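**Q** Got a structure for you, questions after.
Only the coordinates and a few stated rules stand behind these numbers; no lab work does. From a predicted model like this one, the values you see are computed outputs, not experimental measurements. Positions of Cβ are generated from backbone atoms using ideal geometry, with glycine treated the same way; all protein chains shown enter the neighbour counts.
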Amino acid sequence: MKNILIKNAALKDSDSLNEILISDGKIKEIAKKINFNKTDNIETIDAQGNLVAPPLVDPHVHLDAVLVSGKLKRQNNSGTLLEAIDIWGEWKSTLTDDILMNNAREVIKWYAANGVLRVRTHADCTDPTLRTVKCLLALKEEVKELIDIQVVAFPQDAVFTNKINRDLLEEAVKMGVDVIGGAPHIEYTREDGVKEVELIYDLAEKYDRLIDIHIDETGDPHSRFVEVMAKESINREFFDRATASHTTAMHNYNNDYAFKLIGNLAKAKINMITNPFDNTVLQNRTDGYPRKRGCTRVDELLEKGVNVSIGHDSIMDPWYSMGKGNMLSAAYLLMHTAQLNGYEQVNTLFDMITTNSAKTMHLSDYGIKPGNSADLIILDAENPFEAIRLQAECLYVIRKGKVISQTVPAKRTVSFYDGKTYDVDFKL
C-alpha cells in the first residue's frame, strides 16, 4: 500500500495549513512540516488550502427503500407520512432481494462520491420474511471495505399493531443488527406506545444493543413518547447509547413543557437526530396557514448541551422523492428551517454531519488524529462555513489510506461586458 502525504491541508481547528502523513492505512503524523525519507513510496496530494475533514456521516437512512420512487404503482400525491407508509406496505409485496440490494448498492456509490463513509440504516422488520433485515446485514458485510454500516431493526408498522411484530423485532435482533428501533407514535394507543418504548429498552439491555427510535414523528403536540425515553435512559442508566430520531412533535409543544423535556433529555444524555429533508415536507401538513417548519427544536437542544446530528432519512422513496446522499445539502436546508444561520451555528452544522453523528453512532475509530484509520475527505472549500455555503464537492475521498473517489468540480466561464472571459467558482 502506498503512503500518502497530504500537503497544504486546512483543518477545522487549526489556524495554519498542515501536512498529514498516511501509512499502512492509518494516519501516522500531522504537522506543519513532515520530514520523510525520499526513497519512501509516497504519493503526494496537494489540498491547496482546502478543508481536510473526517468523513461525513449519515446516522439515519432507509436503504431498504431507496430509489423506488418512480417505480411505484402509485405515487404519494398527498405528500404525507401516512400515505407514504401505506404505499410502502403495498410495495413490500413486490420487493425482491435483487431490487433491494441493487438499489442500496447504487446509493452506497453516491455516498462514497459525497464523502459519506459512515451510515446507519433502518431495516423494516414487520415483514414476516425479514427480507430487509437479511439483505441489509448482507450489504453491511459486502461493502465494509468501502463504507461502515450499522443496521437498525425498525418495526415500521409499530410493535403492538400486529401480534407477530414483537417476535419479528426480537428475531431481527438475534440476526445480528447493531441497533434496536421503534415507532411508538404509530401504535393504536398511548398505552401501547409506552409499552413499545419499554420493550425496546428491555431488548437493548438483554442483547447489549444501541437504541434508535423513530419517535413523535408527527405534528401532534400530544405525542410525547420521547419523555418516556428520557425516563427509561435515566432510570436504567442507559444514557448516550439511546437516540431519538425525528421528534417533530416537539416543534408544537407548549414552551413550558418543552423547557422541562429538553432538560430531562440533557440529563438522560440522549442523542437526537433531525431529518430536514423529510421533516420539512411531511410534517404539519394539516396546519393551513401559518404553517410551521416541522423540524424539532434544534437550537434549544444544542443550547442545553444535547448531542444533535443530521440524517438524510430518505433518498427517492415514498416519503421523499428527491435526494442524492449529500449531507452538506441536508445541513444547508436545516440552516434555513431551524434558523441556524449565525456564523458559529453554521460551523456547528458541520459538526452535526461529522463529529456529532459519530458520537450518536458510538464510533471510536473516527477523526483526524494519529493512530486512527486514514478515512478522510478533501472538500472544495477552505473551511466548514464555506463547505456548507457552497455545498462543496469532495475533491478526494480516502478510505483506509486509499483514494476511492475523486471529483473534478465544474468549470464555469463568463464572457464579461469588458470583452474578457472570467472563471467563476463562487469563492471569495
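**Q** Helix 190-207 against the longest principal axis of the chain: what's the angle in degrees, Cα atoms only, rounded to the nearest 10?
**A** 60 degrees
**Q** Whose amide H sits under 5 Å from the amide H of residue 404, counting only residues 5 or more places off or on another chain, with H placed in the peptide plane?
**A** Here 397, 398, 399 satisfy the definition.
**Q** Continuing with this model, one more query. Along the Cα→Cβ direction, 7 angstrom out, place labels at residue 267 and residue 235. What is the inter-label distance in nm?
**A** 1.3 nm
**Q** As a check on your grasp of the helix formula, calculate [θ] at 222 nm for the chain: sum -39500 (n - 2.57) over DSSP H runs of n ≥ 4, divide by the residue count, round to the nearest 500. Don't skip to the end; give the middle numbers.
**A** Numbers: 13 runs with 141 residues, N = 428.
Value at 222 nm, helices only: -10000 deg cm²/dmol.
**Q** Past 22 Å, Cα to Cα, is the threshold; run 267/359; 73/163; 134/195; 206/400 against it and keep the listed order.
**A** Working: 267/359 17 Å; 73/163 28 Å; 134/195 26 Å; 206/400 34 Å.
Violating the 22 Å Cα-Cα cut-off are 73/163; 134/195; 206/400.
**Q** Could you work out the local net charge near residue 374, counting Lys and Arg as +1, Asp and Glu as -1, over the other residues with Cβ closer than 10 Å to its Cβ?
**A** Working: positive: 26, 28, 399, 400, 402; negative: 24, 375.
Once positives and negatives cancel, what remains is +3.
**Q** Can you tell me the order of 263-269, 116-122, 339-345 when each peptide is scored by its average per-residue count of other Cβ atoms within 10 angstrom, highest first?
**A** On the way: 263-269: 18.4, 116-122: 26.4, 339-345: 11.9.
Top of the packing list down: 116-122, 263-269, 339-345.
**Q** Can I ask one more? Computed over the Cα atoms, what is the radius of gyration of region 172-315 divided by 2.2 N^0.38 Å, N being its residue count? If you can, show how the numbers build up before the last one.
**A** Numbers: Rg = 14.6 Å, N = 144, 2.2 N^0.38 = 14.5 Å.
Dividing the Cα Rg of region 172-315 by 2.2 N^0.38 Å gives 1.00.
**Q** Still on this structure: Can you give me the three principal axis dimensions of region 165-236 from its C-alpha atoms, in Å, biggest first?
**A** 35, 26, 17
**Q** If you wrap a convex hull around the alpha carbons of region 1-116, what volume per residue comes out, as a whole number of Å³? Could the numbers behind the result be given before it?
**A** On the way: hull volume 18.9 nm³, N = 116.
Dividing the Cα hull volume of region 1-116 by its residue count gives 163 Å³.
**Q** Sticking with this one: At a threshold of 8 angstrom on Cα-Cα distance, excluding pairs fewer than six apart, so keeping six or more, what relative contact order does the chain reach in percent? Kindly include the intermediate steps, with their values, before the conclusion.
**A** On the way: 927 pairs, mean separation 79.5, N = 428.
Once normalised by length, the contact order is 19 percent.
**Q** What's the FRET efficiency of residue 411 with residue 198 using the Cβ-Cβ distance as r and R₀ = 56 Å, to the nearest 0.05? Write down the numbers at each step before the final one.
**A** Working: r = 57 Å, r/R0 = 1.02.
The computed FRET efficiency comes out at 0.45.
**Q** If you bin the C-alpha pair distances of region 290-340 every 10 Å from 0, what whole percents do you get?
**A** 22, 48, 27, 3
**Q** Can I ask one more? Starting from the exponent 0.38 and prefactor 2.2 Å, build the expected Rg for the chain from its residue count and divide its actual Cα Rg by it. The partial results should precede the final answer.
**A** Values: Rg = 22.1 Å, N = 428, 2.2 N^0.38 = 22.0 Å.
My calculation over the Cα atoms of the chain gives 1.00.
**Q** Further, regarding this structure: Please rank 236, 399, fewest neighbouring Cβ atoms within 10 Å first, as an exposure proxy. Spell out each step's value before the answer.
**A** On the way: 236 15, 399 21.
So the residues, fewest neighbours to most, are 236, 399.
**Q** How far apart, in nanometres, would the label points at residue 422 and residue 33 be if each is projected 7 angstrom from Cα along the Cα-to-Cβ direction?
**A** 3.7 nm
**Q** Right, next: Return a whole-number percent for the relative contact order of region 351-428, with Cα pairs under 8 Å and 6 or more residues apart as the contact set. Please list the in-between numbers first.
**A** Working: 89 pairs, mean separation 13.6, N = 78.
Worked out over region 351-428, it gives 17 percent.
**Q** Helix 327-337: angle to the longest alpha-carbon principal axis of the chain, degrees 0 to 90, nearest 10?
**A** Its long axis makes an angle of about 60 degrees.
**Q** Could you line up 319, 91 from fewest to most neighbouring Cβ atoms inside 10 Å? It would help to have the intermediate numbers written out before the result.
**A** Working: 319 25, 91 18.
Fewest to most other Cβ atoms nearby, the residues stand as 91, 319.
**Q** Still on this structure, please answer the following. How long is the gain from residue 300 to residue 85 if the chain were fully straight, where each residue apart is worth 0.36 nm and the alpha carbon distance is subtracted?
**A** Numbers: separation 215, 0.36 × 215 = 77.40 nm, distance 3.01 nm.
Going from the current span to full extension adds 74.4 nm.
**Q** Then there is this: Could you name the aspartates and glutamates in cross-link range of residue 402, using Cα to Cα under 13 Å and dropping any fewer than eight places away on the same chain?
**A** Counting by Cα, and skipping residues close in sequence, residue 402 has these aspartates and glutamates nearby: 24, 43, 145, 375.
**Q** For region 1-120, what proportion of DSSP beta bridges, expressed in % and rounded to the nearest 5, is antiparallel? Could the numbers behind the result be given before it?
**A** Working: 9 of 18 bridges.
Given both bridge residues lie in region 1-120, the antiparallel proportion sits at roughly 50 percent.
**Q** Expressed as a rounded percentage, what relative contact order does region 137-246 have, with Cα pairs under 8 Å and six or more residues apart? Please report the intermediate quantities before stating the final value.
**A** Numbers: 161 pairs, mean separation 24.4, N = 110.
The value is 22 percent.
**Q** Here's something else I'd like to know. At 25 °C and 0.890 mPa s, grab the translational diffusion coefficient of region 114-197 from Stokes-Einstein with a Kirkwood Rh over Cα pairs, rounded to a whole number in µm² per second.
**A** Numbers: Rh = 13.2 Å.
Rounded to a whole number, D works out at 185 µm²/s.
**Q** Going by amide H atoms built from the backbone, whose H comes under 5 Å of the H on residue 26, apart from near neighbours?
**A** Amide H neighbours of residue 26, under 5 Å, 5+ apart: 374.
**Q** If one takes the longest principal axis of the Cα atoms in the chain, at what angle in degrees, from 0 to 90 and to the nearest 10, does the Cα axis of helix 255-268 lie?
**A** Relative to the chain, helix 255-268 is tipped by roughly 70 degrees.
**Q** In whole angstrom, how long is each semi-axis of the equivalent ellipsoid of region 213-277, when you take the square root of 5 times every eigenvalue of its Cα gyration tensor and sort them from largest down? List each step's numbers first, then the result.
**A** Details: eigenvalues 67, 37, 17 Å².
The equivalent ellipsoid of region 213-277 has semi-axes of 18, 14, 9 Å.
**Q** Starting with the fewest neighbours, write out 147, 378 ranked by other beta-carbon atoms found within 10 Å of each beta-carbon.
**A** Working: 147 21, 378 27.
Least crowded to most crowded, the residues run 147, 378.
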